[in-house]
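Comments concern the structure below.
What follows is calculated from the coordinates using simple rules that are stated; it is not laboratory data. Note that the coordinates shown come from a computational prediction; the quantities given were computed from them, not determined experimentally. Don't worry about glycine lacking a Cβ; one is built from the backbone with ideal geometry, like all the others, and counts go over all protein chains shown.
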Amino acid sequence: MSEQDAWFYCDGVFGEGEVFELPLTESTHLARSRRLRVGALVTIFDGFGNTALAEVRELESRPVRAVLRVRQRTMLPPPTRQIHLVSALPKGDRQSVLIDMVTQLGVTDFTPLRCERSVAGQGQRSVERWQRLMLEACKQSRRAWLPRLHAETSLTEVVEDKGLGGYTRLVADPSGVSINELDSAQLEKTNLSLVVGPEGGFSDTETVILRNSNVVPVRLGDGILRIETAAVALVTLVGAM
């Protein structure tokens, strides 16, 4: 892996030739985790498509400080297809696994889903933690656009969301159709809304809501998957198509 394959986040947008200092957390990552030196070429990004090739000009260890100079700036276009994951939340660290992996796989939007049988919900510090996880996942997978986080919502609000009117909607369901039975050409052309329910399954009321909507049930395998496994499997399958 070359030095410029190392990505670092900075919320500023810098022009070519401009000199700037990385945030402390990113400077620490550059100096201590990646052990880069003065003269190294790295990539910086702001999460909104702006990336730049930058050279490390100054590096101090105590306190940690990294000063970079922009060599070449590039604006990368947003993803051509939106993949909006609406998922119930698993407990504890499994939330981190879910957020990390679906970000690497290219999810553009994430909405936590509140269900009658949910075992976890969006906490007071969840957004800050999820944003940090998404940022690290984007650095790992070289994605220039951070996913958008949306407020926790109910299944009724999801199926009635007019903003998702043009999306193809799929829900993970053990009794649904196989992913291979779907029109792959159609999936390639449309934005996608992917719904994953709680491990206890949707309630009778929620099942009726789904049946009366235009959400297509999709079977992911023979077994009953954990939330994060189902989310990753569904995103992977539609991405591969």
Fewest to most neighbouring Cβ within 10 Å: what's the order for 170, 149? 149, 170
When the chain is treated as a Gaussian network with springs between alpha carbons less than 10 Å apart, the largest mean-square fluctuation among 188, 26, 128 is found at 128
Cβ charges +1 (Lys, Arg) and -1 (Asp, Glu), total dipole of the range 3-75, debye: 320 debye
Only Cα pairs under 8 Å and at least 6 apart count here; give the relative contact order of the range 83-240 as a rounded whole percent. 33 percent
When only C-alpha pairs under 8 Å and at least 6 residues apart count, what is the relative contact order of the range 3-75, in percent? 38 percent
Specify the angular offset, from 0 to 90 degrees and rounded to the nearest 10, of the alpha carbon long axis of helix 227-240 from the longest principal axis of the alpha carbons in the chain. 80 degrees
Please identify, among 47, 165, 223, the residue showing maximal mean-square fluctuation in a Gaussian network model of the chain using a 10 angstrom Cα cutoff. 223
The range 3-75: percent of C-alpha pairs farther apart than 17 Å? 30 percent
Nearest 0.05, what FRET efficiency do residue 216 and residue 80 give at R0 = 30 Å with Cβ-Cβ as r? 0.85
Gap in Å between the Cα centre of the range 61-135 and the Cα centre of the range 157-185? 22 Å
